[in-house]
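Taking it in order: structure first as C-alpha cells, then the write-up.
The values are calculated or read from the model by the stated rules, or taken from the named source; none is laboratory data. What you see is a predicted model, and the numbers here were worked out from it, not measured in a lab. As a convention, Cβ positions derive from the backbone with ideal geometry for all residues, glycine included, and neighbour counts pool all protein chains shown.
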C-alpha cells in the first residue's frame, strides 16, 4: 500500500511543529506585530508621561512604575514561556521547543536586568536606597543570574539538539525561583510593595494610573512576542545555514 | 511635558536605561536576522540548497 503524503495538506500540528511550515505561516504576522507594538508604545508613553497624574505620595517618580512593572512582569512571563518550551523539548520532543527556549533566553535576561535597574532607580527616591537584600529583590537578582547562565549554556554547545535537552533540565530546575519571586512580597516582610495588578480585580489604583500601566504592560508583552517570533525565525534560518555550510564543505572535500 | 522636580533625574535615568535596553534588543534581533538571511541567500546563489528544496525546484 502506498500513501501519497504530497497530496495530503499538513494538519495544524505539523504546521506548528515543522520549522519550514512555521516560517511560512508566521511570515505575514511580523510587520503587523511591529506596527501594533509601535502604536501601543506611542499611546502608552503618552498616557504614562503626559496624561497620567503624579502620585499623592510618590509625586512624579510614580512614572517609573509604568516601565518597571512591565519589565518585572516579563522577567517572570518569559521564564514561564521557557519552562513550557523545556517541557516541550523533554516530554514531547517538539522540534520548535528548543528554538523557542533559545530565542527567549536573551530577551528574558535583558528585561530582568531592566526590571532590576528601573526598580533600583525607583527605590532611591521612594525608599531612600538603591538596593535592599529583601525577598523580592534578591530572588529577582537570582532569576537574572539564572537567565545569564542559560544564555551562556546556549553558547557553550555546538549541537543545538543536545544543548536543548541539557538546558531544558537546567531551566526547569531554575523555575523553582519563579514562585519565590512572585510570592516573596507576601511571604516575607519587605520594602517592596505587593502586586500592582491583580487578576482578582481588587485594585487599589485609580483608573488614571491603572490604564497607562495596563497599556504599557500590553505594549512590552507585544514587544516580547514580536522579538521572540523574529528571533525564532532567525534561529531556524541559522540551523539551516549550519546544515548547508556542512553540505557545501562536504561537497568541496569530496 | 511633565514638570520634573528634584527626583526627575531618577525618572530620566530609568526611562533612558529601558530605552537603551529595548533598542539594543531590537537592533540586535534585526541585524542577526539580516545576517542569517543574506548568508542563506549567498549559499542559495551558489546552488547550495537543502535536499527537500532541490526536489521542489526540480519537480515540474
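Report, by residue number, each residue of segment A:53-74 that is part of a loop (DSSP other than H, G, I, E, B) and within 9 Å of chain B (Cβ to nearest Cβ). Before the answer, list the steps.
Looking only at segment A:53-74, we keep the residues that are part of a loop (DSSP other than H, G, I, E, B), and these are A:53-54, A:56-58.
Of everything in segment A:53-74, those that are part of a loop (DSSP other than H, G, I, E, B) and within 9 Å of chain B (Cβ to nearest Cβ) turn out to be A:54, A:58.
Table: residues versus (1) surrounded by fewer than 17 Cβ atoms within 10 Å (Cβ to Cβ); (2) at pLDDT 95 or above.
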| residue | (1), (2) |
| --- | --- |
| A:111 | no, yes |
| A:158 | yes, no |
| A:168 | no, yes |
| A:173 | yes, yes |
| A:184 | no, no |
| A:197 | yes, no |
| A:215 | no, yes |
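Quick one: is residue A:142 surrounded by fewer than 17 Cβ atoms within 10 Å (Cβ to Cβ), modelled with pLDDT of 95 or more and more than 15 Å from residue A:167 (Cβ to Cβ)? Considered against the rule, which asks whether it is surrounded by fewer than 17 Cβ atoms within 10 Å (Cβ to Cβ), modelled with pLDDT of 95 or more and more than 15 Å from residue A:167 (Cβ to Cβ), residue A:142 comes out as yes.
Report, by residue number, each residue of segment A:110-150 that is within 12 Å of chain B (Cβ to nearest Cβ) and out of contact with any helix residue (DSSP H, G or I) (no Cβ under 9 Å at 6 or more places or on another chain). Within segment A:110-150, A:127, A:128 qualify. The criterion of being in a helix (DSSP H, G or I) and farther than 29 Å from residue A:193 by Cβ does not hold for residue A:115.
Of the residues examined, residue A:1 is not one that is at pLDDT below 90, facing chain B (nearest Cβ under 10 Å) and either surrounded by 15 or more Cβ atoms within 10 Å (Cβ to Cβ) or over 30 Å from residue A:124 (Cα atoms) (or both).
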